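Here is the structure we will look at, set down as structure tokens.
The values are calculated or read from the model by the stated rules, or taken from the named source; none is laboratory data. This is a predicted model, so every value here is computed, not measured. Because the Cβ atoms are built from the backbone with ideal geometry, glycine has one as well, and the counts that use them run over all protein chains shown. Side chains included, ligands, DNA and RNA excluded: accessible areas come from the protein's heavy atoms. Shrake-Rupley method; radii C 1.70, N 1.55, O 1.52, S 1.80 Å.
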Amino acid sequence: MSEENKSQKLSKEELARKIQGAAAQRSNAEMRFADVSSVAGRLPKYPDFSAAPKFTDNNDFGYDDTYYDEVYRTPPPRSSAQPHRQQSGANSGGQGGQRRRPPQQQKQPQHRNGSKNSRSAADRRRAQQELAKKRKKQNARRLAAAGITAAIMLVGAGAGGLFWFTQGKAKYEGRFLENTSINGANVSGMTPEEAAEEVRQTGDSPDVITLTRPDGTDVRIALKDIGGTDNIDKSVENLYNDQDHNGWFKAKTQKSVYNFNIEFTFDEKKFYQEVENKIVNVKSKNTSKNAYIEKTTSGFQIVPEVVGTSIDADKVQALYDYIQGFLDRGKYSIDLSNCNCYELPKVREADLREQLSTLDALYDVQFTFDFGYTTERLDGSECINWITFQTENPLDGWTVDEEKVMQYVEQLGTKYDSYGKERAFHSTTRGDITVEQGEGDYGWWIDRDKTATLLAELVKDGISATVKPYYYKNPSTGYEYTCNCDRTPTSDIGDTYCEIDLEKQHFWYYKNGKKKYECDIVSGLPTAARNTPGGVYKIWYKEKDKVLRGSTTDGESWTTPVTYWNNISTFGIGLHDATWHSYFGGSAYTVNGSHGCINMPFDAAKYVFENIEIGTPVVMYW
């Protein structure tokens, strides 16, 4: 290859590389600004250089020369009738062209001389080569012109795109791009400072720490008072710096969503000093209260305990630890109800449920008092109003109102006591009479205190029961105010008894309604100090060979030994033998009466001692 052709080939390769470089630059610009339709629409169209010919040594532009061989073959010989016509246009290649037939109709010229035919073939080859070179030059010039045009257009488009890009980026200088949110707050177009404030307003960014007491009251501690700062400003600024502002045009269709954990720091010493001043050292009006049981119109119910707001001095650290646990988890509204730092009630609702069950069962129980000849029933529902509760210490249970219990027992006594009451009596010589209680100690007399205590315990246990009431017993003598006879609604004497008519000075003993023994007697001297008082008594104590000692209200005293002593009272009156009397009955008592006892013949006193049971009633009347 000649130096001229080599340099020509190098210049063509250089031109092709420039054209391909311009195409690549345009392709990159198109990809970068593909989303900007308003600018891309104004860019000029350019030819597709992707099919540009590849250069080879034999064919610089890759075109197939066969076409030229077929078209520009040796023209057919002119006839003498056809004038010579100069060819123009595409078929003129420096030599005169001839009108020719289509290739399939052309005839090979007839030459008589072979050398002449050889020269004509060589001329055709040279003409074809010159024509091919000429066409290659033309195509090269066209390609060069197209490349230059494309380069000019790319430079223009690049200049316009650069202006558009820089102007768009400048709009967001110092601001967040479109479609940007931080912790759920829309901060599009905001400065970092504006965005930080928006995050504070819309996010969980409190300016106080709120501590809620068990009673619902709040203690608010401002963060500014304890040197509080947060990480919002710094975090937002970091997010701004990390945002790619060169991609501002993408933000119009793509969202940027950021999130970070809001954290606070504060002076813990100042904070806990505030807690101490506002909670620990404050004397609370809401003190803890025990649970208790109260009676309602429909039964009983438990009133739950109340946890006050007074801090237990021994549990202050527990309060601090409880609060710190929430702060460590980023919680700034803290409910202190579940903190084990308060002075707690001693009694809780669960502690009283068993008591409540017992009280509820009280409606169904019955208490029965047995009086021998009859019973008295008390329904548990009648006892409900007797219940009182220990509000100071409910674990002590509930109690029965003693006053109300006593009122009920007094009613029992009024109804069933026979002691101290008059009695209807059928006497031996006078018929039916009324005998006053007098000085006698006979009869049923309910011990109010003991029976009330018994009933209160029954109510407290809440268990149905049948019991006998307690009866009084003289603590100094042991005398019991009870009877051993078959009691009836109208009489507590029965048909076995001793009868003494003081006016007639006579004694009778009846057993099962039949008279078993009788005798005359001598009663007390009819004076204020020695008279024998009437009334209903009973034999309750016996003693043999006893020395009787006593004195009267007027100062008289005596000492008298007896063989059979049958005591019938608590003040020294009894039935005994009196062998010093020469006779009994009649008016002997008026002149030689006793100091109040019933003097009897020796055999009579012995009969009483040996045959009449202790507890047998003794009815004496004037």
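The set of residues from the range 417-429 being assigned to a strand (DSSP E or B) and free of Cβ contacts under 8 Å to residues at least 24 places away in the same chain comprises just one member, 426. I'd like to know if the range 401-416 contains one or more residues that are open to solvent by 80 Å² or more (accessible area, probe 1.4 Å), part of a loop (DSSP other than H, G, I, E, B) and among the polar types (S, T, N, Q). No, the range 401-416 contains no residue that is open to solvent by 80 Å² or more (accessible area, probe 1.4 Å), part of a loop (DSSP other than H, G, I, E, B) and among the polar types (S, T, N, Q).
Applying the selection to the range 591-615, what residues are outside any helix (DSSP H, G or I), more than 19 Å from residue 534 (Cβ to Cβ) and of a type outside the set (Val, Ile, Thr)?
If the condition is that a residue be outside any helix (DSSP H, G or I), more than 19 Å from residue 534 (Cβ to Cβ) and of a type outside the set (Val, Ile, Thr), then 601, 613, 615 are the ones that fit.
Taking (1) crowded, with 18+ Cβ neighbours inside 10 Å; (2) part of a loop (DSSP other than H, G, I, E, B); (3) of a type outside the set (Gly, Ala, Ser) in turn, residue 475 satisfies each apart from (1). The residue that is least open to solvent (accessible area, probe 1.4 Å), among those in the range 173-228 that are in contact with a helix residue (DSSP H, G or I) (Cβ under 8 Å, 6 or more places away or on another chain) and either without any contact (Cβ under 8 Å) to a residue 12 or more places away in the chain or of a type in the set (Ser, Thr, Tyr) (or both), is 180. Examine the range 305-317 for a residue that is open to solvent by 80 Å² or more (accessible area, probe 1.4 Å), out of contact with any Leu (no Cβ under 8 Å at 6 or more places or on another chain) and among the hydrophobic types (A, V, I, L, M, F, W, C), and state whether such a residue exists. Checking the range 305-317: at least one residue is open to solvent by 80 Å² or more (accessible area, probe 1.4 Å), out of contact with any Leu (no Cβ under 8 Å at 6 or more places or on another chain) and among the hydrophobic types (A, V, I, L, M, F, W, C). From the list 466, 559, 532, the one residue that fits, being in contact with a Gly (Cβ under 6 Å, 6 or more places away or on another chain) and modelled with pLDDT of 95 or more, is 532. How many residues are farther than 14 Å from residue 262 by Cβ and open to solvent by 80 Å² or more (accessible area, probe 1.4 Å) if we restrict to the range 229-247? Qualifying residue count, the range 229-247: 4. Of 499, 503, all but one fail to be modelled with pLDDT of 95 or more, more than 60 Å from the chain's Cα centre (by Cα) and not in a loop (DSSP other than H, G, I, E, B); the exception is 499. Checked against the criteria, residue 206 does not count as modelled with pLDDT under 95, touching a Cys at 6+ places or on another chain (Cβ under 9 Å), at negative phi and not in a strand (DSSP E or B). Looking at the range 445-453, is at least one residue of a type in the set (S, T, N, Q), farther than 30 Å from residue 593 by Cα and surrounded by fewer than 20 Cβ atoms within 10 Å (Cβ to Cβ)? Looking through the range 445-453, at least one residue is of a type in the set (S, T, N, Q), farther than 30 Å from residue 593 by Cα and surrounded by fewer than 20 Cβ atoms within 10 Å (Cβ to Cβ). In this structure, residue 480 qualifies as open to solvent by 30 Å² or more (accessible area, probe 1.4 Å), of a type outside the set (Val, Ile, Thr), touching a residue at least 24 places away in the same chain (Cβ under 8 Å) and in contact with a strand residue (DSSP E or B) (Cβ under 6 Å, 6 or more places away or on another chain). Within the range 250-259, the set of residues being open to solvent by 40 Å² or more (accessible area, probe 1.4 Å) and either modelled with pLDDT under 90 or touching a Leu at 6+ places or on another chain (Cβ under 6 Å) (or both) comprises 250, 252, 253, 258. Within the range 238-274, the residues that satisfy the criterion of being within 15 Å of residue 185 (Cβ to Cβ) and either part of a helix (DSSP H, G or I) or in contact with a helix residue (DSSP H, G or I) (Cβ under 7 Å, 6 or more places away or on another chain) (or both) are 239, 240, 258, 260, 262. Picking from residues in the range 419-444 that are modelled with pLDDT of 95 or more and of a type in the set (S, T, N, Q), the one that is least open to solvent (accessible area, probe 1.4 Å) is 427. Does residue 554 count as over 22 Å from residue 579 (Cα atoms), open to solvent by 60 Å² or more (accessible area, probe 1.4 Å) and over 60 Å from the mean Cα position of the chain (by Cα)? Considered against the rule, which asks whether it is over 22 Å from residue 579 (Cα atoms), open to solvent by 60 Å² or more (accessible area, probe 1.4 Å) and over 60 Å from the mean Cα position of the chain (by Cα), residue 554 comes out as yes. The single residue among 269, 278 that is among the basic types (Lys, Arg) and open to solvent by 80 Å² or more (accessible area, probe 1.4 Å) turns out to be 269.
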